[in-house]
Structures are given as structure tokens and as C-alpha cells.
Amino acid sequence: MPYPEIRPRRLRRNAAVRRLVSETRVDPAELVVPMFVKEGLTGPRAIASLPGVLQHSRDSLRKAAVEAVQAGVGGIMLFGVPEQRDPTGSGGTDPAGILNVAIRDVVAEVGDATVVMSDLCLDEFTSHGHCGLLTSDGGVDNDATLAAYAEMAVAQADAGVGMVGPSGMMDGQVGVVRRALDAAGHADVAVLAYAAKYASAFYGPFRDAVESALDGDRRTYQQDPANLRESLREVELDVAEGADLVMVKPALPYLDVVAAVRAAVDVPVAAYQVSGEYAMVEAAAANGWIDRERVMLETLTSIRRAGAQVILTYWAVEAATLLRQRY
Ligand code: PBG
């Protein structure tokens with residue numbers, strides 16, 4: 001009887017061996033939790049399409065931030081939901097706007113115990129829901145939007161944010177934000193660039209979370225899901241413009257992009273496991289069709305394995321807690 005001399009199964013024999021040779025570990029310090037804060041709320045409110053995720057009041061946000069720090073997450077990415085919107089998204093640049101106020105709240109609460117980050121984009125604040133200012137014919141005006149982003153970056157930095165996340169996919173946004181921060185005395189504030197961000201249908205539940213007014217789509221500024229090389233160009237430009245980290249978004253359907261970006265640059269690579277990725281797993285688990293915890297950790301491990309060092313995920317707090325029990 002011929003028999004195999006080489007037996008890969010020896011390294012899978014029991015949990016101790018598997019742990020010894022595991023190539024990928026997800027560390028809570030690499031997980032970033034997105035959080036939503038809505039102006040005028042007196043308590044947290046559920047988001048139907050994102051079970052387990054909340055729209056926070058200012059108070060409940062502070063408490064959630066403390067819990068996230070206790071769980072050991074590496075960062076908190078803040079998104080604001082204003083009561084009023086206007087065509088220029090002025091709530092984003094107003095120091096009294098909900099996102100800027102929330103940054104102050106969270107920084108006052110947790111200080112440097114985690115990295116406080118903020119979405120730097122106008123879509124939550126505009127009445128038309130686009131990520132920038134509109135031209136008279138309804139297109140998104142790249143260069144006028146850059147001026148607004150510069151102002152917004154400074155407002156967020158003045159509020160104490162540690163890292164800004166320009167997510168609007170305007171050409172030149174990283175360079176403009178970097179120069180504005182430096183000129184305002186905020187050279188220490190880092191830029192987490194949403195470098196390769198696709199025009200994805202996986203953002204559906206997020207639009208509920210921020211009550212987005214968008215009618216239409218973002219295909220004139222976010223990337224075509226069909227393209228990989230274009231991502232490398234976007235990433236290269238962002239690094240040249242001063243990005244401290246670059247992000248790929250969404251994550252799981254774009255692991256090839258994560259891997260290619262990892263190979264192409266030497267700055268830390270982040271990936272955003274977006275709302276639709278999360279909601280699909282939650283919905284299947286609620287039906288009893290998949291094992292929720294195992295799928296959660298498997299997706300995070302896969303994103304990490306593909307090369308993302310930092311992962312934004314709505315499961316960050318829970319996953320951090322589970323992972324700390326595990327290792
Ligand atoms: C833009 C922004 C979006 C997300 C993060 N930042 C929405 C969009 O581009 O339409 C989506 C995140 C998610 O789906 O979880 N401010």
C-alpha cells in the first residue's frame with residue numbers, strides 16, 4: 001500500500017498545534033468601530049437594516065466610546081447625522097455641527113486611549129445627499145468641494161480629532177486636506193484616505209443609518225467595481241498627496257484589491273467591512289442559516305489575511321471582546 005510521507009494534517013491535529021502555526025491573527029487593536037451620532041436624540045435608537053448598531057445621542061455616544069475603549073478597539077470612526085441639511089452641507093464645517101460637537105465629546109471622554117477618527121465628507125450634511133457641492137447642471141463640482149473639505153478638516157481638527165477620513169473620492173482631496181491641516185497648525189492630525197472606494201450597493205444600510213437623502217448614485221466619483229488597476233492609481237496618488245494610511249472599501253468583495261494595494265505601498269492598509277457586508281451576515285444568522293460568531297471572525301480573518309492591517313467593522317467591539325477571550 002502506498003502511503004503519504006508528507007502529511008499536512010499533522011499541523012491541524014488539535015487546537016494547540018493549529019494555534020502554534022496560525023498565520024493570521026486579528027488583534028483588537030487593529031479594529032475600528034464606526035459610530036453614528038444623531039443631532040437632537042435624547043437616547044439611542046436602533047437602525048432596522050443594521051441590527052445591533054445604534055444611532056447615538058451625544059450622551060449614549062460617550063458611553064459607547066468608553067465601552068469600545070474597554071474592549072480594546074484601536075479606533076472609533078465617527079459619523080454625524082444632522083437635523084437640518086442644506087445644499088452646501090454647512091453642518092459639516094460649522095464648529096457647532098453635530099459631528100464636530102461629537103468629536104469634542106468623545107475626545108473629552110476617552111482622550112488618547114484610542115484613535116478618534118471622523119468621516120470627512122459632505123453627504124451626511126447635504127440636502128441632495130451627494131458627497132460634494134453641485135454645479136448648476138447637477139454634477140458634483142470637484143474643486144469647489146475641495147475647498148469645503150479643507151474647511152471641514154480644520155473644523156474636525158480644531159475639535160480634537162486624531163485622524164480624518166476623507167471619503168468623498170474627489171480628485172486631490174488628500175493633498176488639499178493635508179495642506180489645510182498643516183496651515184492651521186494641525187500637522188499632527190493624520191489622514192486615513194479612503195483611497196480605493198467603490199460605487200457599491202453594499203452601502204445600502206449605511207444610507208439608512210445616516211438618513212441619506214441621496215437620490216441617484218455616486219458613479220461619477222466612486223470607482224467602478226470592475227476596476228482593479230484604477231485602485232492602484234488612486235492609492236499611489238493618495239500616498240503622494242500625503243495619506244498616512246490608505247483604505248479599500250468595501251472589504252470582503254474586494255479582497256483582491258486589498259492584496260494588490262498591500263503589495264503596492266508601504267503605508268498601513270485599512271479595509272472597511274461596510275454596512276451591507278455586516279447586514280447580510282446578521283440577516284442569515286437571524287434565520288439560523290449560519291453560525292454568526294464563526295462567520296464574523298472568519299470574515300475578519302480573511303480581510304486580515306488579504307493584507308489589511310486595520311479593519312473598520314461594525315462588529316469591532318464584540319469581536320475585540322471575543323478575540324481577547326480566545327488568545
Ligand atoms: C461617505 C461614506 C459612506 C460610507 C462611509 N462613508 C457612504 C457612501 O459612500 O455612500 C459607507 C459605509 C458603510 O456602508 O458601512 N460619507
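The values are calculated or read from the model by the stated rules, or taken from the named source; none is laboratory data. Everything numeric in this text was worked out from a predicted model, so none of it was measured. Because the Cβ atoms are built from the backbone with ideal geometry, glycine has one as well, and the counts that use them run over all protein chains shown. Ligands, DNA and RNA are excluded from the accessible area calculation, which covers all protein heavy atoms including side chains. Shrake-Rupley method; radii C 1.70, N 1.55, O 1.52, S 1.80 Å.
Annotations
- All told, GLU109 falls short of being within 19 Å of ALA190 (Cα to Cα) and part of a helix (DSSP H, G or I).
- Qualifying residue in region 154-172 (condition: out of contact with any Cys (no Cβ under 9 Å at 6 or more places or on another chain), in a helix (DSSP H, G or I) and either at pLDDT below 95 or under 23 Å from SER212 (Cα atoms) (or both)): yes
- Taking each residue of region 108-126 that is within 13 Å of GLY168 (Cα to Cα) and hydrophobic (A, V, I, L, M, F, W, C) and looking for partners that are part of a loop (DSSP other than H, G, I, E, B) and within 8 Å of the ligand (Cβ to nearest atom) with beta-carbon atoms closer than 8 Å, six or more apart or interchain, yields LEU120/SER167; LEU120/GLY168; CYS121/CYS131; CYS121/SER167; CYS121/GLY168; LEU122/CYS131; LEU122/GLY168.
- Here SER127 passes the criteria (1) of a type outside the set (A, V, I, L, M, F, W, C); (2) open to solvent by 40 Å² or more (accessible area, probe 1.4 Å); (3) under 24 Å from GLY74 (Cα atoms); (4) within 16 Å of the ligand (Cβ to nearest atom) except the one numbered (3).
- Which listed residue is more than 19 Å from LEU192 (Cα to Cα), more than 17 Å from the chain's Cα centre (by Cα) and either more than 16 Å from the ligand (Cβ to nearest atom) or at pLDDT below 95 (or both), from ALA260, ALA264, ALA286: ALA286
- Test result for ASP224, within 16 Å of the ligand (Cβ to nearest atom) and at pLDDT below 95: no
- GLY216 being open to solvent by 30 Å² or more (accessible area, probe 1.4 Å) and within 10 Å of the ligand (Cβ to nearest atom): no
- Only residues that are in a helix (DSSP H, G or I), open to solvent by less than 60 Å² (accessible area, probe 1.4 Å) and either over 13 Å from VAL33 (Cα atoms) or basic (Lys, Arg) (or both) were counted across region 51-85, and they come to 1.
- Count of region 86-95 residues, restricted to those that are among the β-branched types (Val, Ile, Thr) and part of a strand (DSSP E or B), is 0.
- The listed residues are TYR221, TYR272, and the only one of them that is crowded, with 23+ Cβ neighbours inside 10 Å, closer than 27 Å to GLY162 by Cβ and among the aromatic types (Phe, Trp, Tyr) turns out to be TYR272.
- Members of region 200-224 found to be touching a helix residue (DSSP H, G or I) at 6+ places or on another chain (Cβ under 8 Å), free of Cβ contacts under 8 Å to residues at least 60 places away in the same chain and not charged (D, E, K, R), listed by number: GLN223
- Residues of region 278-314 that turn out to be touching a helix residue (DSSP H, G or I) at 6+ places or on another chain (Cβ under 7 Å), touching a residue at least 60 places away in the same chain (Cβ under 8 Å), part of a helix (DSSP H, G or I) and closer than 19 Å to ALA71 by Cβ, as a count: 2
- Yes/no for VAL154 being on the phi < 0 side of the Ramachandran plot and either within 15 Å of the ligand (Cβ to nearest atom) or crowded, with 24+ Cβ neighbours inside 10 Å (or both): no
Condition check ((1) of a type in the set (Gly, Ala, Ser); (2) open to solvent by less than 10 Å² (accessible area, probe 1.4 Å); (3) closer than 23 Å to VAL116 by Cα) across all residues:
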{"position": "VAL174", "(1), (2), (3)": "no, yes, yes"}
{"position": "ALA184", "(1), (2), (3)": "yes, no, yes"}
{"position": "ALA199", "(1), (2), (3)": "yes, no, no"}
{"position": "GLU236", "(1), (2), (3)": "no, no, no"}
{"position": "GLY242", "(1), (2), (3)": "yes, no, yes"}
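- Filter result for TYR194 (part of a helix (DSSP H, G or I) and either free of Cβ contacts under 8 Å to residues at least 60 places away in the same chain or open to solvent by less than 10 Å² (accessible area, probe 1.4 Å) (or both)): no
- Of all the residues in region 1-24, those that are open to solvent by 100 Å² or more (accessible area, probe 1.4 Å) and not in a helix (DSSP H, G or I) number 8.
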